[in-house]
Amino acid sequence: MIRIRKILCPVDFFPASKGAAEYAVALAKNYGAQLILLHVVEPVAVTGYEVPFNLADFVESMVDSATKEITRLAKRAEAKGIRTESVIRTGNVDLEIAAVLKERKVDLVVMGTHGHRGFERWIVGSTTERLLRRTSVPLLTLGNTKEKSGPSTIRRILVATDFSTGTSDAFAYAFSVAQECRAEVTVLHVLDDISADIAGRYREGLIESIREKLEKLVPAGTRNGCKVNARVETGRPGKRILSILEAGKYDLLVMNIHGKGMLDRVMIGSTAERIVRSAATPVLFIPPKAEAKRLKRIVRKAA
C-alpha cells in the first residue's frame with residue numbers, strides 16, 4: 001500500500017484551488033497525513049500612478065488578506081482532525097513551491113488547474129523552470145468542477161499508459177488506491193492512429209498482444225480486492241482518453257509520466273498537458289521511482 005505522510009496544496013483562493021484544498025483534506029484524513037497549505041504572494045511593481053504607491057504596504061496588505069483566507073481553510077481541516085500547517089511566502093510562486101517541496105519532504109501535491117495562479121501559471125513561461133523540472137513528487141490536479149468528489153467517492157479508476165518508464169509505478173499506485181476504495185479499475189492503452197494504420201492486417205493481433213501486456217502489468221494479488229478491465233483503443237491518445245474518461249464517468253484518472261523531470265513531462269503539446277487542461281475528473285500523475293531517485297541525487301549535488 002502507498003504511504004502518504006505529507007500533502008502539499010498550493011492555494012490562490014479561487015474556486016479551483018479551494019476545491020483542491022477540500023480534496024486534499026479528504027486525502028489527508030484518509031491516509032492520516034499532514035496537510036500543508038501554501039499561498040505565495042508575488043510582489044508586483046506597479047507604475048503609472050499619479051498618487052504615491054508604497055509597494056511594501058501593498059505587499060503587507062496582501063499578506064494580511066492571505067493569512068485570513070488560509071486560516072479559514074486551515075480551521076476547516078483541523079476541525080476534521082487533520083494536522084495542518086499554513087505557509088505564506090513572498091516571492092516567485094514557482095520558486096517557493098519548489099522550496100517547500102524540498103524543505104517539507106512532501107509525498108503528494110494537490111492543486112487546482114484553473115485558478116488565477118494555478119497549474120497553468122506553474123508550467124508556462126516559468127523563470128524557475130529548471131528547478132521545477134527536478135520535482136519528482138506525484139501530482140494530483142483538479143479542474144474547476146461543481147461536482148463534489150473525494151477519496152470516499154472513488155468507485156471507478158481509469159489508468160492510461162503508453163508503456164514508457166514508470167508504468168509499473170503508476171499501476172502500483174492506482175491499484176493501491178483502488179484496494180482502499182474497493183474501486184473498479186480499467187487499464188487503458190491508446191494505439192495511435194498512425195501505428196494502427198501501419199499494423200494493417202496485423203491489427204487484431206497487435207491489439208490482443210497489447211491487451212495481454214496490460215493484464216500482466218496488474219500487480220499480483222490486487223484482483224481479489226477490485227474488478228479489473230483491460231482496454232485497447234485506437235485514435236489520438238489525448239483526445240481518446242478524454243472521451244473515454246467522460247463517457248465512462250470515472251472518478252480518477254492515473255497516468256505515468258516520464259522524461260527529464262516532472263514538469264518536462266507535462267509541457268505544452270504533450271498528451272498529459274492536454275488532458276490536465278481539459279479533464280473535469282481528478283488526474284493523478286505518477287513519476288517513476290527510478291527517475292525520482294536520480295533527480296534527488298542531482299538536487300543534492302547542486303546544493
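The values are calculated or read from the model by the stated rules, or taken from the named source; none is laboratory data. Keep in mind it's a predicted model, so treat the numbers as computed, not measured. FYI the Cβ positions are ideal-geometry reconstructions off the backbone, even for glycines, and counts take in every protein chain you see.
Here are some notes:
- Checking GLY81 against (1) without any contact (Cβ under 8 Å) to a residue 12 or more places away in the chain; (2) outside any helix (DSSP H, G or I), the condition it does not meet: (1)
- Selected residue (criterion: farthest from the chain's Cα centre (by Cα)) from residues of region 11-45 that are outside any helix (DSSP H, G or I), modelled with pLDDT under 90 and not aliphatic (A, V, I, L, M): PRO43
- Taking each residue of region 271-287 that is within 12 Å of ILE257 (Cα to Cα) and looking for partners that are of a type in the set (Phe, Trp, Tyr) with beta-carbon atoms closer than 6 Å, six or more apart or interchain, yields ILE286/TYR173.
- Of all the listed residues (ASP94, ASP57, ASP64), the sole one being among the charged types (D, E, K, R), more than 21 Å from the chain's Cα centre (by Cα) and modelled with pLDDT under 90 is ASP57.
Let's see how each residue does on (1) at pLDDT 85 or above; (2) assigned to a helix (DSSP H, G or I); (3) of a type in the set (S, T, N, Q); (4) in contact with a Ser or Thr (Cβ under 6 Å, 6 or more places away or on another chain):
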residue	(1), (2), (3), (4)
LYS68	yes, yes, no, no
LEU73	yes, yes, no, no
GLU85	yes, no, no, no
ARG117	no, no, no, no
LEU131	no, yes, no, no
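- Residue match in region 204-217 (condition: modelled with pLDDT of 85 or more, under 19 Å from PHE163 (Cα atoms) and not in a helix (DSSP H, G or I)): no
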